[in-house]
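To start, the structure itself, in structure tokens.
What follows is calculated from the coordinates using simple rules that are stated; it is not laboratory data. Treat the numbers as computed from the prediction; the structure is a model and nothing was measured. Cβ sites come from the backbone with ideal geometry, for glycine too, and all protein chains shown count toward neighbours.
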Amino acid sequence: MTSVILRRVLSTIPVMAIVALFVFSLLYIAPGDPAAVIAGDQASPEDVEKIRQGLGLDRPYLVRFVEWVFQILHGDLGTSIFTNMPVTTLIAQRVEPTLSLMLMTLVMAVAVAVPMGVIAAWKADTWIDRAAMGFAVFGFSTPVFVVGYLIAYVFALKLGWFPVQGYQPIARGVGPWLSSLILPSVTLAFVYIALIARITRAAMLDVLSQDYIRTAKAKGVGQRAILFVHALKNAAVPIVTVIGIGVALLIGGAVVTESVFAIPGLGRLIVDAILRRDYPVIQGVVLLFSLVYVLVNLGVDLVYTLVDPRIRY
Amino acid sequence: MAAAISLAPPPGLAIAEELPDVLPAREPLKGFAGFIRRRPSLAFGAGLLVVMLFFAVFAPWLGTVDPGALATSKRLRPPSAEAWFGTDMLGRDLYSRVVYGARVSLAVGFLVALFSSALGLAVGLVAGMVRWIDGVFMRLIDGMMSIPPILLAVALMALTRGSLQNVVIAITLAEIPRVARLVRSVVLSLREQPYVDAAVAAGTSTPMIVIRHILPNTLAPMTVQATYICASAMIVEAILSFIGAGVPPITPSWGNIMAEGRALWQVKPTLVFFPAAFLSLTVLAVNLVGDGLRDALDPRMAKSL
Amino acid sequence: MKGTFMDRRSFIQASVAAGFIGATGGLSAPAIAQAGRKTLKFVPQANLANFDPIWGTQYVVRNAAALVWDTLYGVDEKLQPQRQMVESETVSDDGLVWTFKLRSGLKFHDGEAVLAKDAVASLARWSARDPMGLMIKALQNELVAVDDLTFRWSLKQPYPKMLLALGKNNAPCSFVMPERLAQTDPFTQIKEYIGSGPMKFAQKEWVPGAIAVFEKFEDYKSRDEPSSWLAGGKRMMLDRIEWIIMPDPATALSALQNGEIDWWENPLSDLVPVLQGASDVTVDIADKLGNVGAFRMNHLYPPFDKVEIRRAVLTAMNQEDYMRAIVGSDDALWKPMPGFFTPGTQFYSEQGGDIMKMKNLDAAKKLLEQAGYAGEPVTCVVAQDQSITKAQGDVTADLLRRMGMTVDFVATDWGTVGSRRASKKPPKDGGWNMFHTWHAGADCLSPAGYNALRANGEKAWFGWPNSPKTEEGIAEWFSAADVEAEKAALARTNEAAVNDVVYGVTGFFLSYQAWRNDVQGVREGPLPFFWDVTKA
């Protein structure tokens, strides 16, 4: 058992190494010159060249890659070209909003999607099932920013229930924090709900056709107990897996949602950085998001290695 | 190793859940009416898709004008007999732009589905058949799949100038690992089948085994996967345009039209509404077709999803 | 390997924890202290991504810097430089030796007194970057502190526009920093943001791309005169100013309607009718000096190396199309502009500008033919993330296409345009033929802040126009004795610049600003002035 866990943990190392190499190379060959942006619209070409040298952008690939790897191993992601601030600081400043948004979305999506999937499976081939799955397909088919604008227009501007934009740190109180998160989370949850509900339904249908469920039914166990205790427990593995995998969706969606709702999170940080060719920030954030994704899925795997000894790698 | 990533459905917007591990069986079709009755959502999706394809192919003959023609004196007009959907901020005809936009979105969807399937198939077959390459490829693919696909596509677009070709390449690269994983897992399960063992024992060459036994069996799951990739690619194209990293803005794509119109959402909702509706319907159509194909090609899954 | 992995993981955990602690520690204190204090929430035109006003010269940096740093002189709304940090100055009869005396009792935000050595170091850094500063530096004998409050700038030749150079509002302004910061290399960013202006920069609360915060500096010693632009007493009625960055105009519009922000620097003009209809919001012109739209052609490579082809574009273009694309349907917001200097100001001239009024596509086609245009592609690089450049690019693409030119439209972002336009390589090797931008009208008043008009070939601004006659006119202006001579010099400059097509002017346009009615004292000007602004 220990060696299984150890092997699974160690398998993340080459994955992250490849991500690191990929991310660095990708942005190394990127065109675009941060020096010119920094110098501003009124700067002369000579100024731009001097700034470029000052930033060390004129040195060769290997030198910069080796330096970069050494730095990250020491917890230093470099310095943002534009703000002159350490990338770790920029990331730390923005972790709270993004983490809050993602956790809130996760809770909301699971709370809605799992019951939805369970009920759809239970009522398979009825109008309830079709409505739920219709909603799920719709969730996949609508771009997240369209959902965002619609929701903001109705619930913030017309009804005035929530703020239109912005993020309130939890330190200012749980009330304002929740209120600032509701609309962006609902927006972001759309796709995620669609994904989890479909998997839940599929997994449940699979389990419900098994012999032991028929046995339980025959023994007179209540419908609700069968669904939410016996069946759901056995359908948990694919559901938990897809929740882990879906974190990639959340990360992608956060990039857009944070722009629509003016939330100062990591998603906006990376869009801004890409538009401004702020290499160290792009590298740091992509690396961080990938690491989070890998760790979440590592966690998911380890949880069921521990819970369900049948699973082996 | 990394089983959760390998066995589970792909991250990102593609939504194929599980793979058939047996030979698919086709059901005989009993007439058009029977088909519609038996598979209403597939019929609806296919019908909708045909309509969108019609728009795309016959765009110049559907009452459209030059979608790029400026007329700044006629900007932001409401829908009328002259301009069916109204005009945009540069006085261009919104109806024409949306109709021509079908070409871009469908092209992105189909091309990405085609290329990522072809390349993913090649990578997956090699990885599945050749043990020593498998390790290397799978590490690479695990690494690439750890970067959320939209981030990967945006980062790739930051490398290069916005063009239809580059958007297709960027989204294709982000999707290949998923197809490759799918194909590889099909190959690995097929290799355990007795008839493949028998072929090996009979001295059939590896390329022959691939062509005779492996390839045909990957086609069904790949077709299903390809439709989901097609749907996903159209959404990603819109998001790239929204962020400002998509096809050139003088190209009327639905993503571009929405990105241009979004600032005026409160004063001219039609600028976002029309392209959004077309995009959503098209993606919906492709998803429904995907669901329908999966049901038809995989009777075991058909009952559950 | 395992150790490595743990390092990374523990680093992530640490930074996640730091995020929470940092955010909690950093934000709760001001949140508590906020009760009863006046906070203004302002949405600026762009993100404050860096904050060294000498090193980076974007308008947004200059505007924020004007809160934190003070200047020796400041222009008032009549564009005259007035004393600001300086108490008095003398200039020798031959115009070669300037002696300045600072006001006493001025303090930096770290509590240190403002001394002559600080001014000297700041001017030295500024004059290495500013176009006028560079001219003075070229004439400089020495720049030294005489005593604590007095410093002297002695020159080899007179420089009559000295006070304008020290007080102009065009970036980079000659902001005064403490000597230790001003000694930073002019091509390296400063790391601390300490000035002697009316507001302190809350560096700990700064989240680039999201928010920048300014706190009132209690020890600021304002002048007694009423405030006027950068001149006079900068009295702060607000305790705290939050600059909130909003990438999406639709979101900013909703936030202003909902009262979540107080003041929006640059609402899209198409959204203005919505704001005008809101009873609790005021909308007004931001700056009567407005903006000048521009496209620049690369004078080094075909097809625009030929003046006839550049003229053909001017002949065909219709400024109305550009202006409507930028400002929308309100015709009161724009003017055609057959010249290079800001309309409505003293040096505005239409001399030689008839070609810019022609709007004649056929004549343009004929010019192209005569010049032997053979279908060389025009690589037009257009930033999509700036509404002004995007709108102009769309119009240009249509225009060139109708003229029968081959357009290679490169859609990209402002950052890439910024880098690509600096390339002198041929267009097919990463260079360019054309890009779009705009200049604040306040920068186009005279050659003082007007880099874009310079036409000294390789040394000129991007596009590298070479027009000796334009340069002659500019030189005449710098040495002109009186206003009439200045006007004559610039009329000639204008004519030469049109003839050689230094760059393409797409028109003159105004933009709006909007604020909640409980905010009072918002004025017109080339930058937002926060002094004397109150909030109920």
(request) Evaluate the distance, in nm, between pseudo-label points positioned 7 Å from the Cα of B:Leu219 and of B:Ala202 along their respective Cα→Cβ axes. (result) 2.0
(message) Please compute, for peptide C:184-191, the average count of beta-carbon atoms on other protein chains lying within 10 Å of each residue's beta-carbon.
(response) 4
(message) Name the residue from C:Phe201, C:Met162, C:Thr184 whose Cα lies farthest towards the positive end of the charge dipole of region C:145-233, charges +1 on Cβ of Lys and Arg and -1 on Cβ of Asp and Glu.
(response) C:Met162
(request) Using a 10 Å cut-off on Cβ to Cβ distances, tally the other chain neighbours for every residue of A:92-100 and report the average as a whole number. (result) 6
(request) Compute the whole-percent fraction of alpha carbon pairs in region B:123-202 spaced more than 15 Å apart. (result) 63
(request) Would you check chain A for Lys pairs whose C-alpha atoms are within less than 24 Å, ignoring same-chain pairs closer than 8 in sequence, and give me the count? (result) 5
(request) Return the sequence-ordered ³J(HN,Hα) values of region A:110-124 in whole Hz as given by the Karplus equation 6.51 cos²θ - 1.76 cosθ + 1.60 applied to θ = phi - 60°, using x for Gly and Pro. (result) 5, 4, 8, 6, 5, x, 4, x, 5, 5, 4, 5, 5, 9, 3
(message) Given R₀ = 41 Å, what would the calculated FRET efficiency be for A:Leu99 paired with C:Gln183, taking r from the Cβ atoms and rounding to 0.05?
(response) 0.50
(message) Give me, ordered by chain and number, the residues 5 or more places off C:Val407 or on other chains with an amide H under 5 Å from its own placed amide H.
(response) C:Val378
(request) Would you compute, from DSSP H runs of 4+ residues alone, the mean residue ellipticity of chain A at 222 nm, taking -39500 (n - 2.57) per run and dividing by the full residue count, rounded to the nearest 500? (result) -23500 deg cm²/dmol
(message) Suppose we take every Cα in the protein assembly as shown and form the convex hull; what volume per residue is that in Å³?
(response) 186
(request) Pick out, from C:Val144, C:Ala210, C:Pro249, the residue whose Cα sits farthest towards the positive end of the charge dipole of region C:122-249, with +1 on the Cβ of Lys and Arg and -1 on the Cβ of Asp and Glu. (result) C:Val144
(request) Please identify the helices of chain C, taking whole runs of DSSP H, that span at least 20 Å along their own axis as judged from the Cα atoms and have a mean Kyte-Doolittle score of -0.5 or higher. (result) C:2-33, C:387-403, C:483-499
(request) Using packing as a proxy for protection, rank B:142-153, C:335-346 so that the peptide with the highest average count of other Cβ atoms within 10 Å comes first. (result) B:142-153, C:335-346
(message) So, R0 is 41 Å and r is the distance between the beta-carbons of C:Ser104 and C:Ser479; what FRET efficiency does that work out to, to 0.05?
(response) 0.70
(request) Over the whole of C:447-456, what's the average partner chain Cβ count within 10 Å per residue? Rounded to a whole number, please. (result) 1
(message) If I take every Cα pair under 8 Å that is 6 or more residues apart in region B:51-299, average their sequence separation and divide by the length, what percent do I get for the relative contact order?
(response) 23
(request) With +1 on each Lys and Arg Cβ and -1 on each Asp and Glu Cβ, and nothing else charged, work out how big the dipole of chain A is about its Cα centre, in Debye to the nearest 20. (result) 1380
(message) Can you find, among C:Val505, A:Gly222, B:Pro149, the residue sitting farthest towards the positive end of the charge dipole of the protein assembly as shown, where Lys and Arg contribute +1 and Asp and Glu -1 at Cβ?
(response) A:Gly222
(request) Pull out a ≥ b ≥ c, the square roots of the eigenvalues of the alpha-carbon gyration tensor of region A:91-307, then state rounded if a/c is under 1.5, prolate if not and a/b is larger than b/c, and oblate in the remaining case. (result) prolate
(message) For region C:506-536 and region A:141-180, what is the centre-to-centre distance using only Cα atoms, to the nearest Å?
(response) 28
(request) May I have the extent of the alpha carbons of region C:409-482 along their three principal axes, as whole Å values ordered from largest to smallest? (result) 46, 25, 15
(request) Over the alpha-carbon set of chain C, divide Rg by the Kirkwood Rh and report the Rg/Rh ratio to two decimals. (result) 0.99
(message) I want to check the label-to-label distance for A:Ile13 and C:Gln276. Put each point 7 Å from Cα in the C-beta direction and report it in nm to one decimal.
(response) 6.8
(message) When a/c reaches 1.5 or more, the comparison of a/b and b/c decides; with that in mind, is region A:254-307 rounded, prolate or oblate per its Cα gyration tensor?
(response) oblate
(request) Please list A:84-95, C:288-299, C:84-95 highest first by mean number of surrounding beta-carbon atoms within 10 Å per residue. (result) C:288-299, A:84-95, C:84-95
(message) Could you work out the relative contact order of chain A? I mean the mean sequence separation of Cα pairs under 8 Å and 6+ apart, divided by the number of residues, in percent.
(response) 26
(message) Quick check: from the Cα gyration tensor, does region B:51-299 come out rounded (a/c under 1.5), prolate or oblate?
(response) prolate
(request) Round to the nearest 10 and give me the degree value, 0 to 90, for the angle of helix A:236-245's Cα axis relative to the longest principal axis of chain A. (result) 20
(request) Mind ranking C:311-324, C:452-465 by how tightly packed they are, going by the mean number of other C-beta atoms within 10 angstrom, highest first? (result) C:311-324, C:452-465
(message) If I take every Cα pair under 8 Å that is 6 or more residues apart in region C:294-353, average their sequence separation and divide by the length, what percent do I get for the relative contact order?
(response) 16
(message) Just to be sure I understand the model, the point goes 7 Å from the Cα along the line to the Cβ. What's the resulting C:Ser92 to C:Asn258 distance in nm?
(response) 6.4
(request) For helix A:12-28, report the angle its Cα long axis makes with the longest principal axis of the Cα atoms of chain A; keep it between 0 and 90° and round to the nearest 10°. (result) 40
(message) Strictly over 26 Å apart at the Cα level, which of B:Lys74/C:Lys359; C:Lys78/C:Lys357; B:Lys74/C:Lys390; C:Lys357/C:Lys390; C:Lys38/C:Lys117; C:Lys390/C:Lys425 would you flag in this model?
(response) C:Lys78/C:Lys357; C:Lys38/C:Lys117
(message) Charges at C-beta only: +1 for Lys and Arg, -1 for Asp and Glu. How large is the resulting dipole of region C:198-344 about its Cα centre, in Debye rounded to 20?
(response) 680
(request) Could you please state, rounded to a whole Å, how far the C-alpha centre of region C:130-182 is from the C-alpha centre of region B:58-77? (result) 56
(message) With just the Cα atoms defining each centre, how far is region C:335-355 from region B:136-180? Give it in Å.
(response) 51
(request) Can you tell me the 0 to 90 degree angle between the C-alpha axis of helix B:270-297 and the longest principal axis of chain B, rounded to 10? (result) 20
